[in-house]
Amino acid sequence: MSGETEDSVSGWTVDTLNSHLNRMLVERDTRVEQRFKETDAAHEGLRKEIHAESKVINTRLKGMDKATDLLYQNVNRVPTDVDRQVGTLERIIDGKLNGLKELTNQRFADNQTAVNKQETATTKEIDALRINIDSKAKASDDKIDDLKESRSRLGGAVGAIDKAWVILAGLIGIAVALYAALHH
């Protein structure tokens, strides 16, 4: 089939042209109908999915409503239970704290008494050491005075006496230090 020109005559007739156009229309209608079927199938699938999701959402909403009701009931009930439990706990803690306070006060008093006794004993011991040191110092002073007197009498033996005096003073110092260390 070709188009008509002055030199050649077309092979198209009204019937062949009509037949050709009808076939094209049928093919187009078939394609359009196929698309509608595909679209309808897709729409039906979407409707089913939406319906299934709607059921799930409705089930969840009902569950949330039930949970909200339970929560409301518990909110009204829980504070009274908690208040009772907190009150009981406060009484227990107060009792324990009062017991600890009494025990702490008693221990503090006992410790203070012990500290006072120890202070008194330490003071007495220091006083006794002071008396002992004073008596030893007096005895040392007496001996030194005796030595000085002897030195004056001896005159020539001054060098030897000075050395003896230094040694004696050193021995007395050592003796006092040892005594203080042993009795302290």
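We did not get these values from a lab; they are worked out from the coordinates using the rules stated. Quantities reported herein were computed from a predicted structural model and do not represent experimental measurements. Cβ placement follows ideal geometry from the backbone for every residue including glycine, while neighbour counts extend to all protein chains displayed.
Laid out as a table, the results:
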| read-out | value |
| --- | --- |
| Reachable aspartates and glutamates from residue 138, criterion Cα separation under 20 angstrom, eight or more residues apart if same chain | 125, 127, 146, 149, 162 |
| Zone of residue 57's modelled label, taken as backbone nitrogen in the range 7-45 under 20 Å from a point 7 Å along Cα→Cβ | 43-45 |
| Efficiency of FRET from Cβ geometry, residue 129 and residue 105, R₀ 35 Å, rounded to 0.05 | 0.45 |
| Positive-end extreme of charge dipole, the chain - chosen from 122, 20, 67 (charges on Cβ) | 122 |
| Cleavage-rule hits (GluC sites (Glu not before Pro)) in the range 4-74: DSSP loop, at most 15 neighbouring Cβ within 10 angstrom | 4, 6 |
| Helix 158-182 vs. the chain, principal-axis angle (Cα, 0 to 90°, nearest 10) | 50 degrees |
| Using alpha-carbon coordinates, inclination of helix 14-154 to the longest axis of the chain, degrees | 0 degrees |
| Calculated Kirkwood radius over Cα pairs in Å (choose from (1) 31.6; (2) 23.5; (3) 33.1), label | (1) |
| Local electrostatic count, residue 127, Cβ distance below 13 Å [Lys/Arg +1, Asp/Glu -1] | -1 |
| Amide H contacts under 5 Å for residue 12, placed H, 5+ residues apart | 2 |
| Listed residues 145, 94, 65, most fluctuating in the chain (Gaussian network, C-alpha, under 10 Å) | 145 |
